[in-house]
Every structure is written in structure tokens, then in C-alpha cells.
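Participant: Would you mind keeping the following structure in view while I ask a few things?
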Amino acid sequence: MAAKASSSEASLDNIKLEALSLSEGIQDAPVCIIVLGMAGSGKTTFTRSLIQHAQEKFNPYVVNLDPACREVPYATHIDIRDTVNYKEVMKQYQLGPNGGIVTALNMFTTKMAKFAELVRRAGQRGHKWCIIDTPGQIEVFTWSASGNIITEGLATMFPTIIVYVMDVDALEQEQSFVNNLTRTMSLTLDTFYENLVTCGVSAKTGVGFAQLLQHVLDCVKEYEKDYKPVYEKMRKERMAEQQAKLQPSSTVEDSGTAVPMGVDLKDPPPYSGNNMFLMAPGLVPQQMDSEELEDDTETDGKGNAEEQNFHTFVQSHLTAQESKRNKFMQEQQKP
């Protein structure tokens with residue numbers, strides 16, 4: 001069952017976002033160990049054995065991020081099930097198992113700042129390691145936005161290591177598509193696997209865990225050597241940019257060149273003999289070619305002829321109407 005937080009630990013509502021401040025930088029402790037593995041690979045059993053073997057020397061701070069598990073075989077300091085109800089999420093949003101896990105992780109990620117602050121305070125209290133157990137559906141954690149936020153967020157604040165758990169015996173004995181795919185990928189990605197540190201352990205008997213703990217310490221040194229300098233350089237550049245934006249310029253030369261806000265109104269200079277002047281396009285006189293003049297003349301002549309024909313038509317119509325009216329009146333006057 002999940003262990004409840006002690007009363008001495010500050011409540012989540014009072015936690016400040018100190019862990020996400022750029023001025024803090026990467027902390028030396030705790031070392032975050034994120035345990036990944038496919039469903040049924042023995043990931044939770046491995047996590048329990050890792051906690052037992054690291055308890056005496058590293059005092060691990062244990063986090064469970066699997067919202068769908070009924071119970072875990074180890075005590076936890078932070079359990080996602082205390083924050084998000086997995087079944088209620090599925091019922092409220094009408095989701096399936098994977099969709100419910102993704103949504104539960106997304107809800108937990110909204111409290112990422114407070115989670116990181118709890119981990120930071122755990123390091124100050126003497127927890128040298130922070131072991132994080134993840135959902136059995138590995139694709140949900142590795143391909144979702146919440147999984148990226150958790151892994152990258154921790155990696156920018158603490159030394160962070162990924163431990164991927166595989167059940168080698170099950171893969172060797174099982175003759176299936178997954179087995180063939182795994183062997184094919186191991187041959188295709190041979191160059192990629194050369195840079196990975198592997199270690200054979202038994203979660204039941206404890207064989208190989210001493211070597212695993214040493215590999216974890218070596219990975220911490222690799223993190224300090226390769227990743228941390230690059231991040232610290234980027235962090236200092238970001239801080240310098242922020243400080244430059246906050247500080248106002250002390251002199252006019254620093255802020256820019258002084259530009260007058262207006263011009264003096266003076267009388268125009270006297271005529272200097274220069275015939276060039278500016279005029280609006282609509283007021284500029286333009287000379288027309290002889291062909292354009294002839295076209296305009298023909299157009300005007302046609303327009304006058306049409307107007308005369310119209311007047312003649314109207315006059316003839318009025319004359320015809322007048323003659324009909326006179327003829328009708330004469331017939332009415334006859335006895």
C-alpha cells in the first residue's frame with residue numbers, strides 16, 4: 001500500500017516553484033532513476049528488488065506513476081493513485097484503459113512543479129536516489145506528452161537515468177512475432193546498442209544487482225560529464241538574456257539614436273532657376289498623340305450624331321400623336 005506523506009512535510013498548496021527556477025541549476029541529489037518496461041516484463045518486481053538493494057546506501061525516494069495498478073509491493077512516498085482516480089477518469093471521459101492512463105498522467109503532469117519541488121526537498125533530507133516506477137504500457141509513457149514532460153523536466157533539475165527492463169527468458173522461449181522482431185532489431189540496431197550499458201539481474205534471487213548499482217553510479221558520472229555542461233551553458237545564456245531584458249538602458253547611445261519628433265516650419269526658399277517641380281499625378285498635364293486626338297474626334301462626332309437621331313425620333317413620335325388626336329376630334333365634331 002502507498003505510504004502517506006509525513007506531517008512534517010509541507011503541503012502541496014504551500015510549495016513554491018523553486019525547482020523550476022533557472023537560478024537553481026541542476027541539483028546533485030537525488031539521482032532520478034526512471035524504470036521503464038513492457039507489460040509483464042517484471043518491471044514492478046524489479047523495482048521492489050532495486051529499492052531493497054539500494055535502501056541501506058542510497059535511501060531511495062520512491063514514486064509510483066502507474067495509476068492502473070491495484071497495489072504495489074513496496075512503500076511509496078508519492079503515488080499517482082492518491083492524486084488521480086483512474087476508474088473515475090475512464091468513466092467520466094468515456095475512455096479505455098490506455099486512454100485512461102494517458103489522461104491520468106496528463107492530470108498529474110499539471111502538478112509537475114510541485115512534484116519536482118518534493119523531489120528536491122527529498123534530496124535535501126538525505127535521499128540520494130529517487131526511483132520512479134512507470135505504467136506497464138510503455139508506449140503510453142514514452143510517446144505521450146506527459147511522459148516527455150516528466151522525463152525532460154527531471155533531467156533539467158537532477159541527474160536522470162533510464163532503466164529499461166526486459167524479460168530475456170520470456171523472449172528466448174516465446175516463438176512469436178515479438179520475439180522475431182526483437183532479434184531483428186538487435187541485429188539492425190547493432191551500432192545503437194553498442195553505446196547502451198546492459199546488466200543481467202534476477203529480481204527474485206538478487207543476482208547482478210551489485211553490478212547494476214555500479215552501472216548506475218557510472219551513468220551518473222556520464223551525466224555529469226556529457227549532459228550537465230551543455231545544459232549549464234544553455235541555462236547561463238538564458239539567464240543573461242532575461243537580465244538584459246529587465247535592465248533599462250542607461251544612456252541614449254545604448255537605447256538607440258535620437259530622432260527629432262518634428263520639423264521646423266519655414267518659408268520656402270526663393271526661386272533658384274530650377275524648373276523641376278513635384279505635382280500630384282492627377283494634376284500633371286499630359287500631351288496626347290495625333291492618333292489619340294483623331295480617335296477622340298471620331299468619338300465626339302459619333303456621339304453628336306446619335307444625339308441628333310434621338311431628338312429626331314422623339315419629334316416624329318410627338319408629331320404622329322398630335323395628328324391622330326386632331327383627326328379623332330374632327331370625327332367627333334361631325335353631325
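Participant: Pop out the ³J(HN,Hα) list for the stretch 211-223 in order, Karplus 6.51 cos²θ - 1.76 cosθ + 1.60 with θ = phi - 60°, rounded to Hz; leave Gly and Pro as x.
Facilitator: 5, 5, 4, 5, 5, 5, 5, 5, 5, 5, 5, 5, 4
Participant: Please go through the residue pairs LYS128/LYS233; LYS111/LYS204; LYS43/LYS128; LYS57/LYS236 and name each one whose alpha carbons sit more than 27 Å apart in this structure.
Facilitator: On the way: LYS128/LYS233 25 Å; LYS111/LYS204 35 Å; LYS43/LYS128 21 Å; LYS57/LYS236 34 Å.
Pairs exceeding the cut-off: LYS111/LYS204; LYS57/LYS236.
Participant: A further question on this structure: Output the relative contact order of the stretch 47-91, whole-number percent, from Cα pairs under 8 angstrom with separation of 6+ residues. Spell out each step's value before the answer.
Facilitator: Details: 30 pairs, mean separation 15.1, N = 45.
Relative contact order here is 34 percent.
Participant: Okay, next question. Quick one: which residues, 5+ away or cross-chain, put their amide H under 5 Å from the amide H of GLY37? H built at 1.01 Å from N.
Facilitator: VAL165
Participant: Related question: Mind checking the full-extension length gain between ASN195 and GLU152? Use 0.36 nm per residue of separation minus the Cα-Cα distance, one decimal, nm. Walk me through the intermediate numbers first.
Facilitator: Values: separation 43, 0.36 × 43 = 15.48 nm, distance 2.05 nm.
Extending this stretch completely gives an extra 13.4 nm.
Participant: May I ask for the net charge around GLU241, where only other residues with Cβ less than 14 Å from the Cβ of GLU241 are counted and Lys, Arg are +1 while Asp, Glu are -1?
Facilitator: +4
Participant: Report, by chain and number, residues whose modeled amide H sits under 5 Å from the one on CYS130, excluding near sequence neighbours (fewer than 5 apart, same chain).
Facilitator: Long-range HN contacts for CYS130: VAL31, CYS32, ILE33, TYR61.
Participant: Given the protein chains as shown and a 1.4 Å probe, how many square angstrom of PHE115 are accessible, to the nearest 10?
Facilitator: Here the residue's solvent-accessible area equals roughly 10 Å².
Participant: Would you tally the net charge around THR45, using a Cβ to Cβ cut-off of less than 12 Å, leaving THR45 out, and scoring K and R as +1, D and E as -1? Kindly include the intermediate steps, with their values, before the conclusion.
Facilitator: Numbers: positive: LYS43, ARG48, LYS204; negative: ASP133, ASP167.
Neighbourhood net charge equals +1.
Participant: Report the gain in length on full extension from GLU222 to ASN59: 0.36 nm times residue separation, minus Cα-Cα distance, nm rounded to one decimal. If you can, show how the numbers build up before the last one.
Facilitator: Details: separation 163, 0.36 × 163 = 58.68 nm, distance 2.18 nm.
That works out to 56.5 nm of additional length.
Participant: Could you please state, rounded to a whole Å, how far the C-alpha centre of the stretch 48-65 is from the C-alpha centre of the stretch 120-158?
Facilitator: Each part reduced to its Cα centre gives a spacing of 14 Å.
Participant: Roughly how many nanometres apart are two label points built 7 Å out from the Cα toward the Cβ at ASN326 and ALA113?
Facilitator: Here the modelled spin labels are 10.4 nm apart.
Participant: Would you calculate the separation in nanometres between label points at GLU232 and GLN315, each defined as 7 Å from the Cα along the Cα-to-beta-carbon direction?
Facilitator: In this crude label model, GLU232 to GLN315 measures out at 10.8 nm.
The values are calculated or read from the model by the stated rules, or taken from the named source; none is laboratory data. If you're wondering where the values come from, they're calculated on a predicted model, not measured in any experiment. Cβ: placed from backbone, ideal geometry, glycine included. Neighbour counts: every protein chain shown. Please note that ligands, DNA and RNA were not included when accessible areas were found on the heavy atoms of the full protein model with its side chains. Shrake-Rupley method; radii C 1.70, N 1.55, O 1.52, S 1.80 Å.
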